[in-house]
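S.K.: One structure, as structure tokens, below. Some questions next.
The values are calculated or read from the model by the stated rules, or taken from the named source; none is laboratory data. Note that this is a predicted model, so its numbers are computed, not measured. Neighbour counts are summed over all protein chains in view; Cβ atoms, including those assigned to glycine, are modelled from backbone coordinates with ideal geometry. The protein model used for the area step is the full one, side chains on, heavy atoms only, and it has no ligands, DNA or RNA in it. Shrake-Rupley method; radii C 1.70, N 1.55, O 1.52, S 1.80 Å.
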Amino acid sequence: MVHGDVTLDVMKSAGSWAEGLNTYQGQKMKPLHQGPTPMPHHVTRYEKSREEAICNPITQRFVDKKAEKSLSEWEQAGVTKTLNRAWDKQLLREQHFDIMTQQPKKGHIHEVPYKQRLKPPSLITANHVSYNIISTLGNDQHHWAPPGKRPPRVPTPPRKEAEVTKVNKPREFDILTNMYRDHHGARSQWEAEQARATVVDKYWESHDFDPLTCSYYDGEKEEFYQRRLKEMLLTQGTNAINKLPPTLAASESLMYDICTGVVKDPVRLRKVVDEERGAVIRRADKIGAEDVMRVRGDAKRAKEAEMSVARISHQRYTDTQARGFHIISNKTFDLHGEPPLPRTKAKPHVWEIRDQLAAADGG
């Protein structure tokens, strides 16, 4: 393996270890160049100016005639090749003859000659229409074939009836005669009735009360107003009470005389009495609900007390009392008193159970 001028396999190829080391050290100390080291080449401004002078900036041509001639020949060959390829593509996509002069187009030297597949004269046209696209005349009048061999005239297809649409649909009303095409009399009468009904509706929308006679145009509405006016006149005094201050309007002195007991306004008095009676009834219902809640609360508290007493066994209190002394102070119950009353419930005896069952049975 060689790395630059130093052979890295000198140790394997050497006869001994010392010889290999000496050979490797000699390769490392060998100079890069034989003799004096050459100076590096510096590019000057003159050399660059000579390169710029190769091409004339005015004529855009090389100063060297050989270089200019070779470049011109290369460009001419490229242009010729490009034009020939473009001409081939044009003949591939277009007709091989001029449609104006009917003369075949001439190609370049490499063009493949076009061979007509159909034997002339032929009635097959070059397009898919039955007329000449230049003169817009039919093929029976303008065609490259002789008059006797031209294609026949294509018959004109029968005209189809126009489909009736929203656009071409005939109008029902003739604007020249100002009459309907069908049933003019009946339709005119119907339109007049509709116009009259519309005018009447608009009239009654804006004419409700006559300011001159001070009455409604509608007789039924005027009769209802007069009847309602009489009812309001009968209760005019009662309505005036509502305009008084709330404290004075609700006072009992306006309903009856507190001295003689004579009723002045029986309607309002009856209303006040009914409201007070309803309040008493509602209050009684509330009192009954409170009693029910109180009974339920007492039963709940009794149940909780019984559960708290029955939570601990009565045998524990019996064992403490039988011991005879306090386990912390070591004081005897005979000298210092019995232990506090228990919060337990003793198990009933057989006779107590019998008495409870007998009392429950009523005997």
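S.K.: Of all the stretches in the chain, which is the longest one without any exposed loop site, taking chymotrypsin sites (Phe, Trp or Tyr not before Pro) in a DSSP loop (any state but H, G, I, E, B) with at most 16 other Cβ atoms within 10 Å?
M.R.: That would be 218-363.
S.K.: Here is a further query. Sort the stretch 310-363 into rounded, prolate or oblate with this rule: let a ≥ b ≥ c be the square roots of the eigenvalues of the Cα gyration tensor; rounded if a/c is under 1.5, and if a/c is not under 1.5, prolate when a/b is larger than b/c, oblate otherwise.
M.R.: Prolate is the answer for the stretch 310-363, as a/c is 1.5 or above and a/b outweighs b/c.
S.K.: List the residues, sorted by chain then number, that are 5 or more residues from SER215 or on another chain and whose placed amide H is less than 5 Å from its amide H.
M.R.: Sorted by chain and number, the residues that satisfy this are ASP210.
S.K.: Let me cross-check LYS303: its accessible surface, 1.4 Å probe, with only protein heavy atoms counted, in Å² to the nearest 10?
M.R.: 130
S.K.: Here are some values of percent of Cα pairs over 32 Å apart: [x] 84; [y] 31; [z] 36. Which one was computed from this structure?
M.R.: [x]
S.K.: Using a 1.4 Å probe on the protein heavy atoms only, what accessible surface does THR44 show? Give it in Å² to the nearest 10.
M.R.: The accessible area comes out at roughly 70 Å².
S.K.: Would you calculate a helix-derived [θ] at 222 nm for the chain, using -39,500 (n - 2.57) for each DSSP H run of n ≥ 4 and dividing by the full residue count, to the nearest 500?
M.R.: My calculation for the chain gives -15500 deg cm²/dmol from helical runs alone.
S.K.: Whole number in Å², please: accessible area per residue of the chain, 1.4 Å probe, ligands, DNA and RNA not counted.
M.R.: Per-residue value: 91 Å².
S.K.: If you build a Gaussian network model of the chain, linking Cα atoms that sit under 10 Å apart, which residue out of GLY337, GLY78, GLY219 swings the most?
M.R.: GLY337
S.K.: For the chain, modelled as a GNM with alpha-carbon contacts under 10 angstrom, which of MET100, MET307, MET29 fluctuates the most?
M.R.: MET29
S.K.: Continuing with the same structure: With +1 on each Lys and Arg Cβ and -1 on each Asp and Glu Cβ, and nothing else charged, work out how big the dipole of the chain is about its Cα centre, in Debye to the nearest 20.
M.R.: It comes to approximately 2100 debye.
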